[in-house]
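Peer 1: Questions regarding the structure given below will be posed in turn.
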Amino acid sequence: MTVLGATGSIGQSTLDLIARAPEAYDVVALTGGRNVEQLAKDAIALNADIAVTCFDGCFDALSALLAGTGIEVAAGDAAVIEAAGRPADWTMSAIIGAAGLPPGLRAMENGGTLALANKESLVTAGPLLLATAKAHGATILPVDSEHSAVFQALVGEDLAAVERVIITASGGAFRDWPIEELANATLEQASSHPNWDMGQRITIDSASMFNKAMELIETKEFFGVAPSMIETIIHPESMIHAMVGFTDGALMAHVGPPDMRHAIGYALHWPERGHVPVERLDLAQLGQLTFRAPDDARYPALALARRVMEQGGLSGAVFNAAKERALDGFIDGRIGFVTMASVVERVMDNMSSDISPQNATLTLEDIEQADHLARVRADECMAQ
Ligand code: NDP
Ligand code: MG
């Protein structure tokens, strides 16, 4: 097996599960970025064949840490893709951002299983991802908790009997803030999630609901359901991850504690169910689960997601790239919290004529070109 993005939040949760039964897994490649200490430590502990940092500048540090271990060391984006292409029956795709797409595509060329946490892959390139899996006989298993929940609710069901898919949202750090205060939200405030312990970028995306916006698009792309059948609802306790409604009125809910090791463990043991060390819920102690409708004015990202789902083509790549740059801008202090959504909207408006029609067959080059242009446009927008 291989773990792409091994040093991140999802990567570390994946390694936590593997380390509980190391004899069961043959670790081929671990990849990371700046955190070479963690990468080297895990590569040694799990006896990986190769450890790769995506940053050329981190090569020497990683080499020094792994000297004498016999573990191969490499650096750079191309090296990450090369390592992803080494034969492995199961690959965790947990790099953050659009950078996760090319290694995930390469991994599928071996025909194994791609456990997909990298939601940007589906948002930017859903049809290409599914076509690549089909062409090579690879299996994609969703790891985003909501999509793992939908996937589990659909086992043994006929998609034709699905009426709606409800993706729950915690509402993020600012769900109870007066809306006029959002403009003053600080980086620190946006970086703390009420329920989930995740990487900083996805935590901020949860506060702005860009994360949920991406998950709506992911749902459309992965399960192939019509956008009109996809809903989201605020569920502050984050215990129900998703629900699937069927034609007979049944609503199947997936309930579990907010711990990504559940969805990762499901993908690791699929099609069986293994033993996964997540907390068992005490429903009596939990007492109640609550729900409320999302407020579109508070979360403009949701309307942008609807636009992407209707437009298809390159709109997902444009949306995601603009969002990544806007998020960089917020993290660097160049723009405020609410400006992120307006940057994305302006870039989408500006590039609307570059966005191919829904069914055009898109290549990785098309997607990378749109991604690049959207980043340039987003930077221009933020410089104004
Ligand atoms: P983190 O930021 O915690 O980790 C990202 C990983 O990618 C790290 O290993 C990092 O290396 C590496 N990395 C960073 N930049 C690059 C790059 N340009 N090229 C290659 N590798 C890179 O992210 P998360 O674990 O939070 O998220 C990973 C993915 O999973 C994202 O797509 C996210 O949306 C998705 N996801 C995450 C969830 C969560 O609970 N965290 C839940 C559902 C989905 P280093 O840290 O060493 O620099
Ligand atoms: Mg999620």
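The values are calculated or read from the model by the stated rules, or taken from the named source; none is laboratory data. As the structure is a computational prediction, the values presented were derived from the model and not from experiment. A quick note on method: Cβ atoms are made from the backbone with ideal geometry, for glycine too, and the neighbour counts reach across all protein chains shown. What goes into the accessible areas is simple: the full protein's heavy atoms, side chains included, and nothing from ligands, DNA or RNA. Shrake-Rupley method; radii C 1.70, N 1.55, O 1.52, S 1.80 Å.
Peer 1: Filter the range 22-51 for residues that are open to solvent by 20 Å² or more (accessible area, probe 1.4 Å) and under 23 Å from Asp197 (Cβ atoms) and give the result.
Peer 2: First, pick out the residues of the range 22-51 that are open to solvent by 20 Å² or more (accessible area, probe 1.4 Å): 22-26, 34-35, 37-38, 41-42, 44-47, 49.
Arg34, Asn35, Glu37, Gln38, Lys41, Asp42, Ala45, Leu46 - these are the residues of the range 22-51 that are open to solvent by 20 Å² or more (accessible area, probe 1.4 Å) and under 23 Å from Asp197 (Cβ atoms).
Peer 1: Here's a follow-up. Which condition does Arg334 not pass, out of (1) in contact with a helix residue (DSSP H, G or I) (Cβ under 7 Å, 6 or more places away or on another chain); (2) of a type in the set (D, E, K, R); (3) under 20 Å from Gly312 (Cα atoms), if it passes all the others?
Peer 2: Of (1) in contact with a helix residue (DSSP H, G or I) (Cβ under 7 Å, 6 or more places away or on another chain); (2) of a type in the set (D, E, K, R); (3) under 20 Å from Gly312 (Cα atoms), only one is false for Arg334: (3).
Peer 1: Could I ask something else about it? How many residues are within 16 Å of ligand 1 (Cβ to nearest atom) and part of a loop (DSSP other than H, G, I, E, B) if we restrict to the range 210-234? Explain how you work it out, then say what you get.
Peer 2: Quick first cut of the range 210-234, residues within 16 Å of ligand 1 (Cβ to nearest atom) only: 210-219, 221-222, 232.
Still in the running and part of a loop (DSSP other than H, G, I, E, B): none.
Residues flagged as within 16 Å of ligand 1 (Cβ to nearest atom) and part of a loop (DSSP other than H, G, I, E, B) within the range 210-234 amount to 0.
Peer 1: In this structure, does Arg201 turn out to be under 17 Å from Glu146 (Cβ atoms), within 14 Å of ligand 1 (Cβ to nearest atom) and either in contact with a helix residue (DSSP H, G or I) (Cβ under 9 Å, 6 or more places away or on another chain) or at pLDDT 95 or above (or both)?
Peer 2: In short, no.
Peer 1: Which members of the range 305-322 meet the condition of being open to solvent by less than 10 Å² (accessible area, probe 1.4 Å), of a type outside the set (Val, Ile, Thr) and under 23 Å from Arg201 (Cβ atoms)? So that I can check it myself, show each step before the final result.
Peer 2: Of the residues in the range 305-322, the ones open to solvent by less than 10 Å² (accessible area, probe 1.4 Å) are 305, 308-309, 312, 315-322.
Subset that is of a type outside the set (Val, Ile, Thr): 305, 309, 312, 315-317, 319-322.
Hits for the range 305-322 are Ala305, Met309, Ser315, Gly316, Ala317, Phe319, Asn320, Ala321, Ala322.
Peer 1: Here is a list of conditions, (1) closer than 21 Å to Ala305 by Cα; (2) more than 14 Å from ligand 1 (Cβ to nearest atom); (3) open to solvent by 30 Å² or more (accessible area, probe 1.4 Å), and Ala190 meets all of them except one; can you say which number that is?
Peer 2: (3) is the only condition that Ala190 fails.
Peer 1: Across the range 115-140, what is the number of residues that are within 13 Å of ligand 1 (Cβ to nearest atom) and in a strand (DSSP E or B)?
Peer 2: Count: 2.
Peer 1: Inspect the range 65-83 for any residue being in contact with a Lys or Arg (Cβ under 8 Å, 6 or more places away or on another chain), surrounded by fewer than 23 Cβ atoms within 10 Å (Cβ to Cβ), on the phi < 0 side of the Ramachandran plot and in a loop (DSSP other than H, G, I, E, B) and give the result as yes or no.
Peer 2: Within the range 65-83, not a single residue is in contact with a Lys or Arg (Cβ under 8 Å, 6 or more places away or on another chain), surrounded by fewer than 23 Cβ atoms within 10 Å (Cβ to Cβ), on the phi < 0 side of the Ramachandran plot and in a loop (DSSP other than H, G, I, E, B).
Peer 1: Here's a follow-up. Please find, within the range 141-154, the residue that is farthest from ligand 2 (Cβ to nearest atom) out of those that are outside any helix (DSSP H, G or I) and within 13 Å of Glu218 (Cα to Cα). Write out each step before concluding.
Peer 2: Step one: filter the range 141-154 for residues outside any helix (DSSP H, G or I), giving 141-144, 154.
Retained after the next criterion (residues that are within 13 Å of Glu218 (Cα to Cα)): 141-144.
Working: Leu141: 14, Pro142: 10, Val143: 9, Asp144: 4 Å.
In this case the residue turns out to be Leu141.
Peer 1: Can you pull out the residues in the range 235-261 that are open to solvent by 50 Å² or more (accessible area, probe 1.4 Å) and within 14 Å of ligand 1 (Cβ to nearest atom)?
Peer 2: none
Peer 1: Limited to the range 15-36, what total is found for residues that are assigned to a helix (DSSP H, G or I) and either within 9 Å of ligand 1 (Cβ to nearest atom) or in contact with a Gly (Cβ under 9 Å, 6 or more places away or on another chain) (or both)?
Peer 2: Step one: of the range 15-36, the residues assigned to a helix (DSSP H, G or I) are 15-19, 22-24, 36.
Keeping just the survivors that are either within 9 Å of ligand 1 (Cβ to nearest atom) or in contact with a Gly (Cβ under 9 Å, 6 or more places away or on another chain) (or both) gives 17, 36.
Summing the residues that are assigned to a helix (DSSP H, G or I) and either within 9 Å of ligand 1 (Cβ to nearest atom) or in contact with a Gly (Cβ under 9 Å, 6 or more places away or on another chain) (or both) in the range 15-36 gives 2.
Peer 1: Does Ala107 qualify as being over 27 Å from Ala263 (Cα atoms), of a type in the set (A, V, I, L, M, F, W, C), within 22 Å of the chain's Cα centre (by Cα) and within 16 Å of ligand 1 (Cβ to nearest atom)?
Peer 2: Numbers: over 27 Å from Ala263 (Cα atoms): no; of a type in the set (A, V, I, L, M, F, W, C): yes; within 22 Å of the chain's Cα centre (by Cα): yes; within 16 Å of ligand 1 (Cβ to nearest atom): yes.
Against the criterion (over 27 Å from Ala263 (Cα atoms), of a type in the set (A, V, I, L, M, F, W, C), within 22 Å of the chain's Cα centre (by Cα) and within 16 Å of ligand 1 (Cβ to nearest atom)), Ala107 does not qualify.
Peer 1: Select, from Leu30, Leu46, Leu39, the only residue that is touching a Pro at 6+ places or on another chain (Cβ under 7 Å) and either assigned by TED's automatic domain parsing to the domain that holds Ile96 or not basic (Lys, Arg) (or both).
Peer 2: Leu46
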